[in-house]
Amino acid sequence: MKGDPRTRAFSTRAIHAGQPPDPSTGSVAVPIYQTSTYVYEELGKHKGYEYARVQNPTRAALESNLATLEDGLAGHAFASGMSAISTLMTLLEAGEHTVCSRDVYGGTFRFFHQVLERYDLSFSWVDSTRLDAVAEAMTDRTRLVYIETPTNPMMEITDIAGVAEIAHSRGAILAVDNTFMSPYFQRPLELGADVVIHSTTKFLNGHSDSIGGALISKRVDHADWFAFVQKSVGAILSPFDSFLVLRGIKTLAVRMEQHESSGRRLAEFLVTHPKVETVLYPGLIDHPGYEIQRRQATGFGALISFDLGSYQAAKTLLDAVEVMSLAESLGGVETLISHPASMTHASVPAARRADLGIGEGLVRISVGLEDADDLMADLEHGLARI
Ligand SMILES: *Cc1c(COP(=O)(O)O)cnc(C)c1O
């Protein structure tokens, strides 16, 4: 396309931002610049690229695309969601404190608790759906508030603008892991957050064939620091993975629409099923976060958790499904079904899991893009075995 894609609507930006036709050939797809280094034209003069840990044109295209989709100043892409999160955490200095959603991704909890606490960083784990709990946990040493919304796997909704106000009033910044919603449904920077985190492994890439992560920032000092840490630590996204994620993002809008419409159908079906005790899906009107979600996002996503009451019931369903695949992860074209207590959240101590409500009967589905009737039939068949 001609002109600045940033002036266009979401799906146009998703396809064009950061990726004008290749200047040397006109190639519509961004080439995979599979190189480690770049030749200088003469001593002291290069084309802006010196060494591929620092700059790579394929990665730069993705970073620019992500910055545009999240309405940020800059994007930085990493080898995984966890390496993006670890880069974010280098903003903190020893002795500083973070207020964190109690129900974050299991790997994030493990990293904060088992790695970062060794470096004299401290964490308060709060129910961030309660703004008063967030405000109460803030101390003079609090530098960061870190949230996920919706959370995994309990689908709790946090008021992003409300938390941003609390963080800023105490001189802290707000980082939001936006992996579950993607920028198609939710843009935290517009709601007051300072940094957005993605595991591009999930909806952004969308095809379960790449591990990656990103930080999108809106402050120059943060963007400069993330570039500096990217260069200094080197946990960069490869050119090939950058290409895959760029390719995935081109269909993000249509994928998210379909993920959600099938997700809503399955959630509504599960609510009526006698073997299902509770259904956690923010698109259900009686979900406690429904109103906030409607206000701060344009959709409800495709992650559904539901409780079957016992390990045995969950196992029966998980072993009986045929179309759905029993696997960790989410956000891909295939529907994945999992048992958080023994899979994604196995590293969370049992007592803490019980506190969070992650029981032995809890099942989580990431609704994919297979035919929705096939998915319904698969669940019906599996639930009938219980
Ligand atoms: C998967 C995930 C991560 C970690 O990302 P990786 O790409 O697996 O390192 C972080 N946050 C959320 C919400 C996730 O789902």
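At a glance:
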{"read-out": "Protection-proxy order for peptides 61-69, 367-375, 252-260, 266-274, each taking the mean of Cβ atoms within 10 Å per residue, highest first", "value": "61-69, 252-260, 367-375, 266-274"}
{"read-out": "Cα gyration tensor shape for the stretch 168-275, rounded if a/c is under 1.5, else prolate or oblate", "value": "oblate"}
{"read-out": "Structure-based [θ]222 nm, the chain - -39500 (n - 2.57) summed over DSSP H runs of at least 4, per residue, nearest 500", "value": "-10500 deg cm²/dmol"}
{"read-out": "Rounded to 5, percent antiparallel among DSSP beta bridges of the stretch 159-252", "value": "60"}
{"read-out": "Value of relative contact order over the stretch 252-384, rounded to a whole percent, pairs C-alpha under 8 Å and six or more apart", "value": "29"}
{"read-out": "Distance violations [Cα-Cα > 22 Å] among K2/K45; K275/K315; K2/K202; K2/K231; K2/K218", "value": "K2/K45; K2/K202; K2/K231; K2/K218"}
{"read-out": "Likely footprinting exposure, D140, D120, fewest C-beta neighbours within 10 Å first", "value": "D140, D120"}
{"read-out": "Most to least packed among 90-96, 239-245, 305-311 [average Cβ atoms within 10 Å]", "value": "239-245, 305-311, 90-96"}
{"read-out": "Straight-distance crosslink candidates among aspartates and glutamates, where the alpha carbon sits under 20 Å from K250 and sequence neighbours closer than 8 are dropped", "value": "D4, D22, E63, E70, D71, D209, D241, E260, E334, E370"}
{"read-out": "C-alpha center-to-center spacing [the stretch 1-26, the stretch 143-169] in angstrom", "value": "32"}
{"read-out": "Residues E50 and S310, FRET efficiency given R0 of 45 Å [Cβ-Cβ distance, rounded to 0.05]", "value": "0.15"}
{"read-out": "Point-to-point label distance, S122-E277, nm (Cα→Cβ direction, 7 Å offset)", "value": "3.6"}
{"read-out": "Within the stretch 77-132: Cβ-based charge dipole about Cα centre, in debye rounded to nearest 20 (Lys, Arg +1; Asp, Glu -1)", "value": "200"}
{"read-out": "Approximate spin-label separation A9-I285, in nm, with each point projected 7 Å along Cα-to-Cβ", "value": "2.8"}
{"read-out": "Length-normalised contact order for the chain - Cα pairs under 8 Å, 6+ apart - percent", "value": "17"}
{"read-out": "Residue (of Q186, G26, I249) at the positive-pole extreme of the stretch 7-249, dipole from beta-carbon charges", "value": "G26"}
{"read-out": "Alpha-carbon Rg with Dmax, taken over the stretch 113-242, Å", "value": "15.4, 45"}
{"read-out": "Cβ crowding within 10 Å averaged over residues, with 44-53, 228-237 ranked highest first", "value": "228-237, 44-53"}
{"read-out": "Stokes-Einstein D in µm²/s, Kirkwood radius over Cα pairs - the chain at 37 °C with 0.692 mPa s viscosity", "value": "153"}
{"read-out": "Cβ-based exposure ranking for S83, S261, in which fewest neighbours within 10 Å come first", "value": "S261, S83"}
{"read-out": "Amide N of the stretch 321-364 lying under 12 Å from the label point, which is placed 7 angstrom from the Cα of D209 along Cα→Cβ", "value": "333"}
{"read-out": "Ranking of H381, H345 by count of other Cβ atoms within 10 Å, fewest first", "value": "H381, H345"}
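Bear in mind that the values in this text are calculations on the coordinates, not laboratory data. Since the model is a prediction, treat every value here as computed from it, not as a measurement. As a convention, Cβ positions derive from the backbone with ideal geometry for all residues, glycine included, and neighbour counts pool all protein chains shown.
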